[in-house]
1. Taking only region 136-155 into account, find how many residues are touching a helix residue (DSSP H, G or I) at 6+ places or on another chain (Cβ under 9 Å), surrounded by 18 or more Cβ atoms within 10 Å (Cβ to Cβ) and closer than 19 Å to residue 74 by Cα.
2. Could you list all residues from region 91-118 that are closer than 20 Å to residue 142 by Cβ, out of contact with any helix residue (DSSP H, G or I) (no Cβ under 6 Å at 6 or more places or on another chain) and surrounded by 15 or more Cβ atoms within 10 Å (Cβ to Cβ)?
3. Can you name every residue in region 69-79 that is surrounded by 18 or more Cβ atoms within 10 Å (Cβ to Cβ) and closer than 20 Å to residue 157 by Cα?
4. Tell me, which helices (runs of 4 or more DSSP H) wholly within region 43-161 include 2 or more residues that are out of contact with any strand residue (DSSP E or B) (no Cβ under 6 Å at 6 or more places or on another chain) and closer than 18 Å to residue 24 by Cα?
């Protein structure tokens, strides 16, 4: 596998006003260029660079960068995107509304299939995506949405309703609690039963 760190900027489609350094996470990977020779990227990524994840992050705690080691490789004629993510993000506990650390550290491996006929070439446990469904942008070259796929996996790993194991909901009582009615709502039906 080659290490294309020197040419990452060529595979990224930045705004024309924005210059990228070699440590910036690529938005896309050119499959025309790297599918056969392989691609590697290692670096740190701020959680706030992921637009969908940003809406979930806690404002009350400083976020640390995530460490990402990614490899695009071909095995048994199937393209794979494998990456190791190390780090945590701070979300908001849905019980006490205080920050909670969510560990995202894990190894991810996604098979990128040319079409559905390749499904039998991967293990049943293997996560896979069909490239035609992933690559939606019309372009002169096939660009894998690398950053979006990493963010998808982060969102799948993060709980939908994060909560501390040992916290209790903070509930403030305002006013008196009304007494419950002791009258049975079915008593009126019981009275009618004898009349019918």
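1. The number of residues fulfilling the criteria is 4.
2. 110, 111, 113, 118
3. Correct list: 70 only.
4. Numbers: elements: 51-54, 131-134, 146-157.
By residue number, 51-54, 146-157.
To keep it simple, each residue is scored yes or no on (1) within 26 Å of residue 162 (Cα to Cα); (2) modelled with pLDDT under 85.
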residue: 103; (1), (2): yes, no
residue: 108; (1), (2): yes, no
residue: 112; (1), (2): no, no
residue: 130; (1), (2): no, no
residue: 133; (1), (2): no, no
residue: 136; (1), (2): no, yes
residue: 139; (1), (2): no, yes
residue: 143; (1), (2): no, no
residue: 147; (1), (2): yes, no
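The values are calculated or read from the model by the stated rules, or taken from the named source; none is laboratory data. The structure displayed is predicted, hence computed values, not measured ones. Positions of Cβ are generated from backbone atoms using ideal geometry, with glycine treated the same way; all protein chains shown enter the neighbour counts.
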